[in-house]
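Structure first, then comments.
The values are calculated or read from the model by the stated rules, or taken from the named source; none is laboratory data. This one's a predicted model, so the numbers in the text were calculated from it and none came from an experiment. Here Cβ is always computed from backbone atoms with ideal geometry, including for glycine, and neighbour counts include all displayed protein chains. Remember, those area values only see protein heavy atoms, side chains included, never the ligands or the DNA or RNA. Shrake-Rupley method; radii C 1.70, N 1.55, O 1.52, S 1.80 Å.
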Amino acid sequence: MNWIIRSTKIVKFHTNLHEVLKPIWEDLIDYDWVLTDLDFVTNNEIPISLDKDYFVLSNEEFETLYQSRTQIIWGIISAIPKNSQLDFSIISKLPAEHENAWKPNEFLIKESFLEIVAFDSGYTIVKFKDEKLSNQFKEYFQEQAIDLQKFNDKHIQ
């Protein structure tokens, strides 16, 4: 239930949230979103900036970002249950390059239902706690979604 997209014909650029979340978007309407350690490029008016360490967005606010043509270069993007109690002193300091980002089933934000890590415009790591959503994601991306453990075994370890 942990995937990495390295190169793809479906996603025009890493990490385009509209394209990454497309196969599961309708299943994510009941979540809030935490975004931290962001670097991005956009020409759109969106509810995030480079001025803050983290953002907590409602689904409606996140949808503005989802619908935009924003490229997330670095960052951690997490769907969390609404009204979750979070430790922002930890979240504000989390780096996308944290070693646990590459470990299967290790969520940087433990409350995450879904976690996306954008890594230097070249890798998109997507982790799920829900098997059904993971399967939908894999079915949509097919061979372009590589099992994170298999990727690690081949390229990292």
Check your understanding: To the nearest 500 deg cm²/dmol, what mean residue ellipticity at 222 nm is calculated for the chain from DSSP H runs of n ≥ 4 alone, each contributing -39,500 (n - 2.57), summed and divided by the residues?
Key -> -6000 deg cm²/dmol
Exercise for review: Just subtract the alpha-carbon distance of Asp147 and Gln85 from 0.36 nm times their residue separation and send over the number in nm, one decimal.
Suggested key: 19.3 nm
Point to revise | the stretch 11-87 versus the stretch 105-124: alpha-carbon centroid distance in Å | key: 12
Check your understanding: What number in nm² do you get for the stretch 115-157 if you take the convex hull of its Cα atoms and divide its surface by four?
Key -> 3.4
**Study point:** P(r) of the chain over all Cα-Cα pairs, binned every 10 Å from zero, in whole percent
**Key:** 11, 45, 37, 6, 0
Practice item. Measure off, as a whole percent, the carbon and sulfur share of the 1.4 Å-probe accessible area of the stretch 53-157, all protein chains present. Key: 46
**Study point:** Nearest-0.05 FRET efficiency for Glu26 and His98, computed from C-beta distance (R0 25 Å)
**Key:** 0.25
**Study point:** Relative contact order, percent, the chain [alpha-carbon distance under 8 Å, six or more residues apart]
**Key:** 34
Revision key, fill the gap. Trypsin sites (Lys or Arg not before Pro) in the stretch 49-128 lying in a DSSP loop, each with at most 16 other Cβ atoms within 10 Å of its Cβ, come to Lys52, Arg69, Lys82, Lys93, Lys110
